[in-house]
Number of protein chains: 2
Amino acid sequence: MESYMEMLARLAKEASRTAAKLRTDDKNRGLLAVADELAAQQEMILEENAKDVEAAQAKGTKQSLIDRLALSEKRIEDMAEGLRQIAALEDPIGEVLYMKTRPNGLRIGQKRVPLGVVGIIYESRPNVTADAFGLCFKTGNAAILRGGSDAIHSNQAIVRAIKAGLRKVKLSQDLVLLVEDTSRDVVNEMMKMHGMIDVLIPRGGAGLIANVVQNSTVPVIETGTGNCHVYVDASADSGMAADIVENAKTQRMGVCNACESLVIHSDAAGEVLPKIVTKLKRHDVEIRGDERAQAISPEIVPASEEDWGTEYLDAIISVKIVDSIDEAIAHINKYNTGHSESIVTKDYDNALKFQDEIDAAAVYVNASTRFTDGFEFGFGAEIGISTQKLHARGPMGLKALTTTKYIIFGNGQVRK
Amino acid sequence: MESYMEMLARLAKEASRTAAKLRTDDKNRGLLAVADELAAQQEMILEENAKDVEAAQAKGTKQSLIDRLALSEKRIEDMAEGLRQIAALEDPIGEVLYMKTRPNGLRIGQKRVPLGVVGIIYESRPNVTADAFGLCFKTGNAAILRGGSDAIHSNQAIVRAIKAGLRKVKLSQDLVLLVEDTSRDVVNEMMKMHGMIDVLIPRGGAGLIANVVQNSTVPVIETGTGNCHVYVDASADSGMAADIVENAKTQRMGVCNACESLVIHSDAAGEVLPKIVTKLKRHDVEIRGDERAQAISPEIVPASEEDWGTEYLDAIISVKIVDSIDEAIAHINKYNTGHSESIVTKDYDNALKFQDEIDAAAVYVNASTRFTDGFEFGFGAEIGISTQKLHARGPMGLKALTTTKYIIFGNGQVRK
C-alpha cells in the first residue's frame, strides 16, 4: 500500500514532468495569478494564522517565535510582492551552457533543466511557504513543502490560495504539495525518499539542518550556520576596520552572515581595538577576548576555547590577537563554518593570500560580511546560503534549483 | 582518542590546504614524477599484486574478478600514461567564472577552487588507485582512497610508488592516503565524516553505490547504473536504427552506457525489428519482448515486468512495442535510471520532444548511447558518470572535483 508521503511524492513527480515543459510566459502568468490570489484571500489566511498564533500563545511559546509565526496584511502583501518579483526574473531553464561539435560530427551541448521534485523542510515561518513555492515553480520544479506543525493552519491556508491561483490559469495544483501530516515519522520517511525526491533543502535553525544532513538519503543542500570572522591586518586603515566590524556585528544581529569573531594583528590591535570597542559598546555588544585583547581594553571579558567556535546570533563577539596573517588564516580555517570571512588590509599580497587560503563560501577584502545575500549579490532571489561545497556554495539564486542534461544531436553515429 | 580514520582525515585536510595552493606547474611536475615512479617500481608492484591474485585464486574467486585485479606491465604502463595525460589537461582551478561590479562598487566574482578532501570508495581494480589520485591531485584536492580488501597489497604498492614520486618533487605525501584497514567498521566511519571529508565518490557495482548513498552523511556523488533505452520512432531510418541498436547493445556489454532495452513504435516494428533481431543474434544476444514483439519474430522470448527495470550488463535486451512517442517517453521515464537514452527518428518535433521530456543525464538523437563517456565528450578524463542531479550530471571531468568560492573586493563597503 502506498503511504501518504509516497502518494505526495508520486503526485509531485507527475506534476514535475508538466512543470518542466511550461514556457516562461506560462510560469510568469501562474506566479502573478498566485500573487493576486494571496492578496484576495488575505482575510482567510489571517483567520487561519490566528489559530496558529493562539495555539502557540496557549502553549507559552516565546514571543520571538510568535513574531515569526504571526502574519499581517503587510506580510501577506510582501509574500505576493515576492512572487511578482520572481516573475520578473530571467528564467534559467533552457539555457544551453555550451554546445560543441566533436570530431565524429556529434553535436554535444549542456542544457539547464529543472531538478524535478524539490522538498523543503522548514520551521514556523509561514512566508517560506509562498517563497519556496515561487522559487521552485519558476525553475520548473514541483515543490513538497513540510513546514512546522506550529504553522500548519497558516500553511494550509497559503497553499489553498496558491492552488486557487494555479487553477485560475489552468495549471496543475500538484505543483505545490503541503505535507499536512506534520508527525516526525512522516518527515523521517520524506528524508529517505531517494529517487522520489530529487533534493531536500532544510531552512531553519542548526538543529533542523543537522537532523536533515544526518538522516537524509536524498541529496541535501545544506544552508547554514555562519561563524563569520573579520580579520584586521597589520596595515589596515583603523577607521575602515572599525566601521566594517561595527556593521558586520551590529547591522543585524541573529543572522548567519553577521560577524561573530574578530581577529586582529598585534601590530594593529593597540590602535584599532579601542576604536572597535567604543563602537560596539554603543550597541551593548559583549566583547570576549584572549589575554592580550583584555590587556588593551578593560571592557573586554575573558573568552574561553568554546567562544572561538560559537555562532552567537546575539550581541556578543569574540576577539583574538595574532602575530601574523598565517596565524589568522589558520585560526579562521580551524573555527569557521565556511560561510563569510573578511580581511581589512592595505597590503596587496595579504589581500590575495587571505582570499586564496581561507576556506569559505564568500571571502571579502575590505567589506562587511553582511553582503553575503542573494539580493546583495544581484541574483534577485535567494533560496538560502549554502555552506556545503557540492552543487551550490554561498548565496543561492534560481540556478541552484536547476541541474543540467547533455543533449546530443547525431546522424547515425556509432562508437568504434 | 583520535581514531585511525580521524587521523587520516586530519592529515588529508592539512594536505588539502597545501594542495589548494599549488601552481599548475608544480602539480604537473608531481604527476610526471609519479608516472615515472610507477614505471620504475613496476617489479615491486607486480610482486605485491601477485599476492592479491594468489589469495583470490585460493579463495576460489571468479575469473572475471581476478581479471580486474591482476596487473601486468602493460596495465602499469597504462596507469603511468593516464597520469601523463592528466598532466596535459588544462587546470580548472583558479578560473574566475564571472566577475561583476555591484552598484555599491563591490566587485563580486566566482572562482573555481578545489573541494578539499575527496574520498573514493572502490572495489578490486587497483588501477583506480593511480587514476583517482591523479584526478584529485590535478584539481588541488587531497585523496583518501579506500579500495577493496582483495586488492590491499596492490594498492599499498601503488600508493608507495605515488608517495615516492611526490617525495622526489618535495610535495606532501599526505596528498594521497590509503585506508589500509579495510574492515567494514572503518568504511562505515568514513561515511559518517561529515565536515572532515568534503565528498565521497563510490566507484563500483550497484551494491557498493547503494550502500554509500544509504549510509553516508558526507555528500555523495552517485555514479551509476544505466538502464539505457533506444527508442525507434515511427519515422526512423530502419538501417540507422538497426546499426545504432547493435552498437549500443553489443559494442561493449557490461558497461553502464550499453543499451538494455529497446522501445519501438508499432508503425516501424514490422520493418525494423527483424533487422535488429538479425544483427543482435549474430552477437548471441537474448531478446526478451512483449507479446507484440514476439508476434513479429520467433527469436524473441517473453519478457516479464521485471525485465523493463533490469540493467543486464550482459547479452540480453528487452523489447517493448508502443503506439506513440508519448507512450515511449512515459515508459522510459518510468523504468530508466537517468543515464543515457536515445531516439532514432527523422521527425523534427519528435526529436526535440524526446530531448525535452526524457529525464536523463544524456539524451541522444540518432546516435548510440555508448558515447556517454568523459573521453568521448572531450573532457580528456573521467571520474565517473553521475546519475544524480546535484553538483554534476553525466560524464564527469576534472571540473566535477571542484567547487567555487565568491571573492569580493571592496574598499570599505558596509551594508545599509
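The values are calculated or read from the model by the stated rules, or taken from the named source; none is laboratory data. Given the structure is predicted, the values throughout are model-derived calculations rather than measurements. Backbone-built Cβ (ideal geometry, glycine too); neighbour counts: all protein chains shown. These accessible areas exclude ligands, DNA and RNA; they are computed on the full protein's heavy atoms, side chains included. Shrake-Rupley method; radii C 1.70, N 1.55, O 1.52, S 1.80 Å.
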Enumerate the helices (runs of 4 or more DSSP H) found wholly within segment A:7-98, keeping only those where 2 or more residues are loosely packed, with under 15 Cβ neighbours inside 10 Å, among the charged types (D, E, K, R) and within 24 Å of the chain's Cα centre (by Cα). A:73-88
The one condition in (1) within 14 Å of chain A (Cβ to nearest Cβ); (2) in a strand (DSSP E or B) that B:Glu260 fails to fulfil: (1)
Could you check segment B:99-112 and list, in sequence order, the residues that are part of a strand (DSSP E or B) and open to solvent by less than 20 Å² (accessible area, probe 1.4 Å)? B:Ile108, B:Gly109
Collect the residues in segment A:225-237 that are over 28 Å from the mean Cα position of the chain (by Cα), open to solvent by less than 30 Å² (accessible area, probe 1.4 Å) and away from chain B (no Cβ under 12 Å), keeping them in residue-number order. A:Asp233
For residues in segment A:115-125 being within 14 Å of chain B (Cβ to nearest Cβ) and in contact with a Lys or Arg (Cβ under 9 Å, 6 or more places away or on another chain), which is surrounded by the most Cβ atoms within 10 Å (Cβ to Cβ)? A:Gly119
Residues being among the small types (Gly, Ala, Ser), within 30 Å of B:Arg203 (Cα to Cα) and touching a Ser or Thr at 6+ places or on another chain (Cβ under 8 Å) - total across segment B:250-300: 2
Between residues in segment B:292-313 that are without any contact (Cβ under 8 Å) to a residue 12 or more places away in the chain and residues that are open to solvent by 30 Å² or more (accessible area, probe 1.4 Å) and not β-branched (Val, Ile, Thr), which pairs lie under 7 Å by C-beta distance while being six or more apart or on different chains? B:Gln294/B:Pro302
I'd like the residue in segment B:330-356 that is assigned to a helix (DSSP H, G or I) and touching a residue at least 40 places away in the same chain (Cβ under 8 Å) and, out of all such residues, is nearest to the other protein chains (Cβ to nearest Cβ). B:Phe354
Being part of a loop (DSSP other than H, G, I, E, B), more than 7 Å from chain B (Cβ to nearest Cβ) and in contact (Cβ under 8 Å) with a residue 40 or more places away in the chain, is that true of even one residue in segment A:384-395? yes
If you check A:His153, A:His194, which single one turns out to be within 14 Å of chain B (Cβ to nearest Cβ) and either on the phi < 0 side of the Ramachandran plot or touching a Lys or Arg at 6+ places or on another chain (Cβ under 8 Å) (or both)? A:His194
Residues of segment B:287-326 satisfying the condition of being more than 27 Å from the chain's Cα centre (by Cα) and open to solvent by 70 Å² or more (accessible area, probe 1.4 Å): B:Glu291, B:Arg292, B:Ala295, B:Pro298, B:Glu299, B:Pro302, B:Glu305, B:Asp323, B:Asp326
Residues of segment A:126-160 being buried (at least 23 other Cβ atoms within 10 Å of the Cβ) and basic (Lys, Arg), which ones? A:Lys138, A:Arg146
Taking A:Ala248, is it touching a Cys at 6+ places or on another chain (Cβ under 6 Å), at negative phi, crowded, with 17+ Cβ neighbours inside 10 Å and not in a loop (DSSP other than H, G, I, E, B)? yes
Tell me which residues, restricted to segment B:167-176, are outside any loop (DSSP other than H, G, I, E, B), touching a residue at least 60 places away in the same chain (Cβ under 8 Å) and surrounded by 22 or more Cβ atoms within 10 Å (Cβ to Cβ). B:Leu175
Of everything in segment B:177-218, what is in contact with a helix residue (DSSP H, G or I) (Cβ under 8 Å, 6 or more places away or on another chain), in a helix (DSSP H, G or I), in contact (Cβ under 8 Å) with a residue 60 or more places away in the chain and surrounded by fewer than 21 Cβ atoms within 10 Å (Cβ to Cβ)? Give them in sequence order. B:Val186, B:Glu189
Could you tell me which residue of segment A:346-355 is nearest to A:Leu135 (Cα to Cα), considering only residues that are open to solvent by 10 Å² or more (accessible area, probe 1.4 Å) and in contact with a helix residue (DSSP H, G or I) (Cβ under 7 Å, 6 or more places away or on another chain)? A:Lys353
Criterion violated by A:Ile152 - all others in (1) modelled with pLDDT of 95 or more; (2) in contact with a Leu (Cβ under 6 Å, 6 or more places away or on another chain) satisfied: (2)
Checked segment A:361-383 for anything open to solvent by less than 10 Å² (accessible area, probe 1.4 Å), in contact (Cβ under 8 Å) with a residue 40 or more places away in the chain and in a loop (DSSP other than H, G, I, E, B); matches are A:Ser368, A:Thr372, A:Ala381, A:Ile383
Can you report the number of residues in segment B:361-372 which are more than 7 Å from every other protein chain (Cβ to nearest Cβ) and either among the aliphatic types (A, V, I, L, M) or in contact with a Phe, Trp or Tyr (Cβ under 9 Å, 6 or more places away or on another chain) (or both)? 1
Looking at (1) in contact (Cβ under 8 Å) with a residue 12 or more places away in the chain; (2) open to solvent by less than 30 Å² (accessible area, probe 1.4 Å), find the lone condition where A:Phe409 falls short. (2)
Being facing another protein chain (nearest Cβ under 7 Å) and within 11 Å of the chain's Cα centre (by Cα), is that true of even one residue in segment A:396-406? no
